[in-house]
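Please treat every number below as a calculation from the coordinates, not as lab data. Here the structure is a predicted model, which means the values were calculated and not measured. Virtual Cβ from ideal backbone geometry, glycine too; neighbours counted across all protein chains shown.
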Amino acid sequence: MQQITPCLWYDDQAEEAVRHYTSVFPDSRITGVTHYTEAGPGTPGTVLTVAFELDGRPYVALNGGPLFPFTEAVSLQVHCDDQAEVDRLWAALLEGGGQEGPCGWLKDRWGLSWQITPQVLIDLVSDPDRAKAARVTTAMLEMRRIDIQRLLDAAEG
């Protein structure tokens, strides 16, 4: 069976990052760990890859060294049901030195970009009433962490 699995490149903190991610998201777990051998290029015995699932979806984290750092060109978007979920994930992913970004984006302490997106935001910016969608978009552009009530207030005009 063909399956597409995102591979996330870390310097040397893949296992630490994965342990954090799997503690944040339900239905998440580490499914395997491989180690460098004498063939290298990493130090024999250190973690090479960590296979894991976030919310039941497969990923791999690779300790590949400092050559390729994360950029905002790739992010993980998390759809949230309510403000409590937005707030919990926002705090958990910023924990330990992450950075807030605009419009519901943040970088965790390892530099991976996340979009913490309440479903209501997607629904409102897709509304057939283009004036309503524009008001919601304008409100969103002023935010860091998304505030659902502010979106709903903007939608009402």
Taking residue 51 as the residue in question, decide whether it is hydrophobic (A, V, I, L, M, F, W, C) and surrounded by 11 or more Cβ atoms within 10 Å (Cβ to Cβ).
yes
Working carefully through the options 52, 68, find the one that is among the aromatic types (Phe, Trp, Tyr), in contact (Cβ under 8 Å) with a residue 24 or more places away in the chain, at negative phi and part of a loop (DSSP other than H, G, I, E, B).
68
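Name the one entry in 116, 122 that is of a type outside the set (D, E, K, R) and surrounded by 13 or more Cβ atoms within 10 Å (Cβ to Cβ). Even if it seems obvious, please write down each step before you answer.
Values: 122 fails: surrounded by 13 or more Cβ atoms within 10 Å (Cβ to Cβ).
Step by step, each of 116, 122 is checked, and only 116 is of a type outside the set (D, E, K, R) and surrounded by 13 or more Cβ atoms within 10 Å (Cβ to Cβ).
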The number of residues in the stretch 93-138 that are farther than 29 Å from residue 156 by Cβ and either assigned to a helix (DSSP H, G or I) or among the basic types (Lys, Arg) (or both) is 4
